[in-house]
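The values are calculated or read from the model by the stated rules, or taken from the named source; none is laboratory data. As the structure is a computational prediction, the values presented were derived from the model and not from experiment. Cβ: placed from backbone, ideal geometry, glycine included. Neighbour counts: every protein chain shown.
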Amino acid sequence: MARTVLRLSRRRAHMPCPRRCARRGRRRPTPRRTAPGGSSPLPHRTAWLSLRTSGHRGRRKGGTMTALPRRLGPGLYWLGDCIKTQHAGRTYHAYNSVYIVSGEDRSVLVETGFPADLPMLGRQIDELLASGAVAPLEYLFVTHQETPHAGGLGRFLEKFPDAVAVGGVEDLDQIFPRHAERLHLVGTSAEFDLGGRSFRITPGVIRDLITTYWGFDTLTRALFPGDGFAYSHFHEEGHCGLVAEEAATLDVPAMTALFAEFALHWTRFTDVEPYLVELDRLIADLDVTLVGPTHGLPITSLPQTLPLVKRGFRAGADA
């Protein structure tokens, strides 16, 4: 399928969602197209080194040690903090993660966080922007409309008045009516030029809601699957802020099964194998090398961790 490279801006022609255009009797504008950026190296690595040595790492929030933001690759940062839950007499942690993908010219915020985390996320984003580690934020991408993913959308549209929202924004004009013209439903063939890299919207495979989209960064080959690849971790064993492969004592299958059982309840009533086949196909087609889940530790070695996630997904379906 041919991909459409888009350059959306509040200061340029809007592309409101087709449903809203039809309802108001307006003709849908044609998006402005530009060629993808070049392949020159990103200029932000030195700035990140100074940020990491300035005392930002290891700051405590609410008794929880956070190691975020964390650089996962050139221009790719993991933001957020742990959330705590109790199950079977044990304390588990998970993430409502947010990511920034920065090109040479502009950045995209992947997910907008849970409302309670917005002050902390705002500080993390401000520090990255002030340090020069990331380019200005122009896109806000949400995988779907659920609160842990889209809850901060209104706040960040206020904070970044030149940004537009893309991805799973269906019906969010009912929640954020004052920003309705900045919500762009662009479909799964859209690609956004960030300068030196692009951000693509892809179909969601493992979905919490039907209207779920996944994102993909063409430079680091990072996939952002929302509720896909969701699993908890153990705070007392020092897993917070680690990638999956660094958390040696983490039982990924068991934690994935637990998350699937409670958060992806539909898996208990259908055959999950076609979804796993589709997942393998998408990963192969995109040549994915890194996964940034919203609720789980980032995955940096798919050959090592993907089989464990799939085993847990199957176990959750059989629970």
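I need a count of the residues in the stretch 220-238 that are in contact with a helix residue (DSSP H, G or I) (Cβ under 8 Å, 6 or more places away or on another chain) and either farther than 19 Å from PHE313 by Cβ or of a type in the set (Gly, Ala, Ser) (or both).
Qualifying residue count, the stretch 220-238: 5.
May I ask you to list the residues in the stretch 262-283 that are in a helix (DSSP H, G or I), in contact (Cβ under 8 Å) with a residue 24 or more places away in the chain and either over 26 Å from PRO303 (Cβ atoms) or aliphatic (A, V, I, L, M) (or both)?
Across the stretch 262-283, the qualifying residues are ALA263, ARG268, LEU276, LEU279, LEU282, ILE283.
Among the listed residues GLU191, GLU181, identify the single one that is touching a residue at least 60 places away in the same chain (Cβ under 8 Å), acidic (Asp, Glu) and either part of a strand (DSSP E or B) or under 24 Å from ASP280 (Cα atoms) (or both).
GLU191
Which one of these is under 20 Å from GLY167 (Cβ atoms), surrounded by 18 or more Cβ atoms within 10 Å (Cβ to Cβ) and either among the basic types (Lys, Arg) or at pLDDT below 90 (or both): ASP217, ASP208?
On the way: ASP217 fails: either among the basic types (Lys, Arg) or at pLDDT below 90 (or both).
Within the list ASP217, ASP208, the selection yields ASP208.
Out of the residues in the stretch 70-121 meeting the condition of being modelled with pLDDT under 95 and in a loop (DSSP other than H, G, I, E, B), tell me which one is surrounded by the most Cβ atoms within 10 Å (Cβ to Cβ).
So, considering only residues that are modelled with pLDDT under 95 and in a loop (DSSP other than H, G, I, E, B), the one surrounded by the most Cβ atoms within 10 Å (Cβ to Cβ) is GLY113.
Starting from residues that are within 21 Å of the chain's Cα centre (by Cα) and β-branched (Val, Ile, Thr), keep the ones in the stretch 261-300 and report whichever is nearest to PRO148 (Cα to Cα).
Filtering the stretch 261-300 down to residues within 21 Å of the chain's Cα centre (by Cα) leaves 262-264, 275-276, 278-300.
With β-branched (Val, Ile, Thr) added as a condition, the list becomes 283, 288-289, 291, 294, 299-300.
Details: ILE283: 25, VAL288: 24, THR289: 25, VAL291: 18, THR294: 9, ILE299: 20, THR300: 23 Å.
By that ranking, first place goes to THR294.
Can you find a residue that is of a type in the set (A, V, I, L, M), in a helix (DSSP H, G or I) and either surrounded by fewer than 20 Cβ atoms within 10 Å (Cβ to Cβ) or in contact with a helix residue (DSSP H, G or I) (Cβ under 8 Å, 6 or more places away or on another chain) (or both) anywhere in the stretch 245-253?
Within the stretch 245-253 (the criterion being of a type in the set (A, V, I, L, M), in a helix (DSSP H, G or I) and either surrounded by fewer than 20 Cβ atoms within 10 Å (Cβ to Cβ) or in contact with a helix residue (DSSP H, G or I) (Cβ under 8 Å, 6 or more places away or on another chain) (or both)), the answer is yes, since at least one residue qualifies.
Given the options LEU194, LEU140, LEU183, name the one that is within 19 Å of VAL5 (Cβ to Cβ), at pLDDT 95 or above and touching a helix residue (DSSP H, G or I) at 6+ places or on another chain (Cβ under 6 Å). Give the derivation first.
Details: LEU194 fails: touching a helix residue (DSSP H, G or I) at 6+ places or on another chain (Cβ under 6 Å); LEU183 fails: within 19 Å of VAL5 (Cβ to Cβ).
Every option except LEU140 fails the conditions.
Restricting to the stretch 261-281, what's the tally of residues that are surrounded by fewer than 19 Cβ atoms within 10 Å (Cβ to Cβ), at pLDDT 85 or above and hydrophobic (A, V, I, L, M, F, W, C)?
2
If you check THR202, THR220, which single one turns out to be of a type outside the set (A, V, I, L, M) and part of a loop (DSSP other than H, G, I, E, B)?
Exactly one residue qualifies, and that residue is THR220.
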